[in-house]
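Remarks on the structure that follows.
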Amino acid sequence: MNADERRFEVLRAIVADYVSNQEPVGSKALVERHNLGVSSATVRNDMAALEDEGYIAQPHTSAGRVPTDKGYRLFVDRLSEIKPLSQAEKRAIRSFLDGALDLDDVMRRSVRLLAQLTRQVAVIQVPTLSRAAVRHLEVLSITPSRLMLVLITDTGRVDQRIVELGDVISEEDTAHLRGVLNQAMSGQRLADASAKVAELPDEVRQDLRDPMLRVATVLIETLVEHPEERLVLGGTANLTRNVADFPGSLRQVLEALEEQVIVLKLLAASRDPGRVLVRIGEENEAAEMRSTSVVSIGYGSRDNPLGGLGVVGPTRMDYPGTMAAVRAVANYVGEILTGR
């Protein structure tokens, strides 16, 4: 191999050892632990060149070297492919997520699983209603004068509302309302469904106009609602395992994670379900996050992106393993939500 390739192999070995041991890495240890095929003197020269180019740094006099943000970036960029998870790991992910009962349960399970797999903080963006289409509307009679509406979207979201009718209607009339509403709404994007629902009171027979008006009013409030985007976090305590990875800044990181706007911005660029995005240290715009790395990806499909998910951790991170876990969980979450 040429000098550049050899130096990259030295950098790769330094990254591997530092991530594993959290100790600065010296040339002697590299020669002993890795089959680099060159002498200690050559490794020292390569380390000096890597330091001059800003890929590694010496935290203390007479200490070994640690990767810099620039060094981690080169390491990540040179990953030829993301090593896939084992079949056993994939089966465990699928089994755990397939047991979810509804959208909120999928979100909770996803962050718990991702935090366990990566030992970092996991975060997932909850799909908003505005991105969804109506899959089905269930209309249930609680009492003769009270209905429950259960709106189910193609993102797996389930929204429930109670409608006070003021009058009594029969089971047959309730079934009729259900049929008319589903015919108008099923498969429609929520904004379109809202417009169609607004026309229904004028299209049903006279004695059902008032019940339909009350149902339509409640539905339109639900359909045109644009709640602020929500995040679900898991594994925040993982950051406290190695406080030394965040010199003087762990509190800032924890506070930033509470500010959902900051994390939503980080996930906003992760709309592509096919591409894992890695931001390392200073590449993060928010000053509070510049001691962290963020590994993220979109979930859903290219035609119907539902949101982003990822992990936040120190720059001293197992990038190949983290990238593989993030991609795998995103794939399964997308399959579950688009297939529900």
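The values are calculated or read from the model by the stated rules, or taken from the named source; none is laboratory data. Computed from a predicted model, the values in this text were never measured in an experiment. Don't worry about glycine lacking a Cβ; one is built from the backbone with ideal geometry, like all the others, and counts go over all protein chains shown. Ligands, DNA and RNA are stripped out before the accessible areas are found, and what is left, the full protein with its side chains, is counted by its heavy atoms. Shrake-Rupley method; radii C 1.70, N 1.55, O 1.52, S 1.80 Å.
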Quiz item: So how much accessible area does residue 142 have, in Å² to the nearest 10, using a 1.4 Å probe?
Solution: 80 Å²
Quiz item: How much mean residue ellipticity at 222 nm does the chain get from its helices, if each DSSP H run of length 4 or more adds -39500 (n - 2.57) and you divide by all residues, to the nearest 500 deg cm²/dmol?
Solution: -14500 deg cm²/dmol
Quiz item: Excluding ligands, DNA and RNA, what is the solvent-accessible area per residue of segment 249-306 at a probe of 1.4 Å, expressed in Å²?
Solution: 48 Å²
Practice problem: Before anything else, pin down the relative contact order of the chain: Cα pairs under 8 Å, at least 6 apart, normalised by residue count, whole percent. | Solution: 18 percent
Quiz item: Hey, rough spin-label estimate for residue 33 and residue 272, points 7 angstrom out along Cα→Cβ, what's it come to in nanometres?
Solution: 3.3 nm
Self-check item: FRET efficiency, 1/(1 + (r/R0)^6) with R0 30 Å, evaluated for residue 192 and residue 164 via beta carbons
Solution: 0.65
Quiz item: Say R0 is 30 Å: what FRET efficiency, to the nearest 0.05, do residue 287 and residue 182 get from their beta-carbon distance?
Solution: 0.05
Self-check item: Pair residue 244, residue 335: separation of 7 Å Cα→Cβ label points (nm)
Solution: 4.0 nm
Practice problem: Please report, as a whole percent, how much of the solvent-accessible surface of the chain comes from carbon and sulfur atoms (probe radius 1.4 Å). | Solution: 47 percent
Self-check item: Sorted peptide list for 4-17, 321-334, criterion being average Cβ within 10 angstrom, highest first
Solution: 321-334, 4-17
Quiz item: In nm, to one decimal, how far is the modelled label at residue 90 from the one at residue 136, with both set 7 Å along Cα→Cβ?
Solution: 3.0 nm
Quiz prompt | Alpha-carbon centroids, segment 49-94 and segment 116-167: separation in whole Å | solution = 42 Å
Practice problem: At a 1.4 Å probe radius, which order do 34, 176, 60 fall into by accessible area, largest first? | Solution: 60, 176, 34
Practice problem: State the Kirkwood hydrodynamic radius of the chain in Å, one decimal place, computed from all pairs of distinct Cα atoms. | Solution: 23.0 Å
Quiz prompt | Extended-chain gain in nm, criterion 0.36 nm per residue less alpha-carbon gap, residue 61 and residue 221 | solution = 51.1 nm
Practice problem: Would you work out if segment 198-340 is rounded, prolate or oblate? Take a ≥ b ≥ c from the square roots of the eigenvalues of the alpha-carbon gyration tensor; rounded if a/c is under 1.5, else prolate when a/b is larger than b/c, oblate otherwise. | Solution: prolate
Exercise. Would you work out if segment 45-110 is rounded, prolate or oblate? Take a ≥ b ≥ c from the square roots of the eigenvalues of the alpha-carbon gyration tensor; rounded if a/c is under 1.5, else prolate when a/b is larger than b/c, oblate otherwise.
Key: prolate
Quiz item: For residue 188, which sequence-distant residues (separation of 5 or more, or a different chain) have an amide H within less than 5 Å of its own amide H, given hydrogens modelled in the peptide plane?
Solution: 134
Quiz item: Whole-Hz Karplus ³J(HN,Hα) for segment 252-261, in order, using 6.51 cos²θ - 1.76 cosθ + 1.60 and θ = phi - 60°, x for Gly and Pro?
Solution: 4, 5, 4, 5, 5, 5, 6, 7, 4, 4
Self-check item: Residue among 19, 30, 115 farthest towards the positive dipole end of the chain, charges placed on Cβ
Solution: 30
Quiz prompt | Prolate/oblate/rounded label for segment 131-287 (Cα gyration tensor, a/c 1.5) | solution = prolate
Quiz item: Expressed in nm to one decimal, what extension gain is obtained for the pair residue 202 and residue 49 from 0.36 nm per residue of sequence separation less their Cα-Cα distance?
Solution: 47.3 nm
Self-check item: FRET E, pair residue 146, residue 108, Förster distance 22 Å, beta-carbon r, rounded to 0.05
Solution: 0.10
